[in-house]
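Taken together, the values in this text are just the output of simple stated rules run on the coordinates, not laboratory data. Since we're looking at a predicted model, the values are computed, not measured. Cβ: placed from backbone, ideal geometry, glycine included. Neighbour counts: every protein chain shown.
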Ligand code: MF3
Ligand code: CO
């Protein structure tokens, strides 16, 4: 899983380099695909319930599961790239929201809060801490900043499958829920909206957007409960 995680980190770096004004969302998927090929890794997204790409590419008001296509990124946009890799049967999965060109202060703040929410959640990936601790850490930070947390989608366990038990919500009560143990590996993935928490799925059966059209960010890492605390397997920079 460490090896799969390094491939995913490299996919994110390639996508971030490709995310310039004028690039299409499909260009970012292509950048991710090239890394998979170079590293001899397989995609866990391609073909998942019929999903047609190796990455989900979700600009601005798209929350998650944006299908890469000809949509062109403009200066000032933000774009979330969610992708994964399989190495020798073991999975990793991570997402990052990238600024395109120079973004306004409000979008920069949304990105910073998303990163901080994930970082706070990761601090609870320790033996004896609970899923409630993780979810609470995310919602506290997002809501204190005046943003809202998407409730319809969750993080998950990960291993020889991309999605394993348990589901890991981005809200919860401290001390409640499953207790983590040494060796557990989880994917934590807050989705945070600038406006209301309400989301809807488009008729393509994948694309999830904010109902109010406001921007959304998505940050995810694959993290192991290590001997010395959290070990982030998909760390980039
Ligand atoms: N990215 C989702 C997750 O992080 C899964 C994407 S499903 C796919 O759990 F079909 F788009 F691959
Ligand atoms: Co995931």
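Quick look at the values:
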item	result
Highest average packing first - 109-115, 172-178, Cβ atoms within 10 Å	109-115, 172-178
DSSP beta bridge pairing in the range 131-237, given as percent antiparallel to the nearest 5	100
For the chain: relative contact order, % (alpha-carbon pairs under 8 angstrom, 6 or more apart)	22
Distance from the range 178-233 to the range 37-99 (C-alpha centre basis), Å	13
Rg/Rh (Cα only; Kirkwood hydrodynamic radius) as it applies to the range 2-232	0.95
Shape category assigned to the range 1-60 from the gyration tensor of Cα positions, a/c cut at 1.5	oblate
Cα gyration tensor shape of the range 82-168, rounded if a/c is under 1.5, else prolate or oblate by comparing a/b with b/c	oblate
Relative contact order for the range 1-96, counting Cα pairs under 8 Å that sit 6 or more residues apart, in percent	36
Cα shape, the range 165-237, gyration tensor, a/c 1.5 rule	prolate
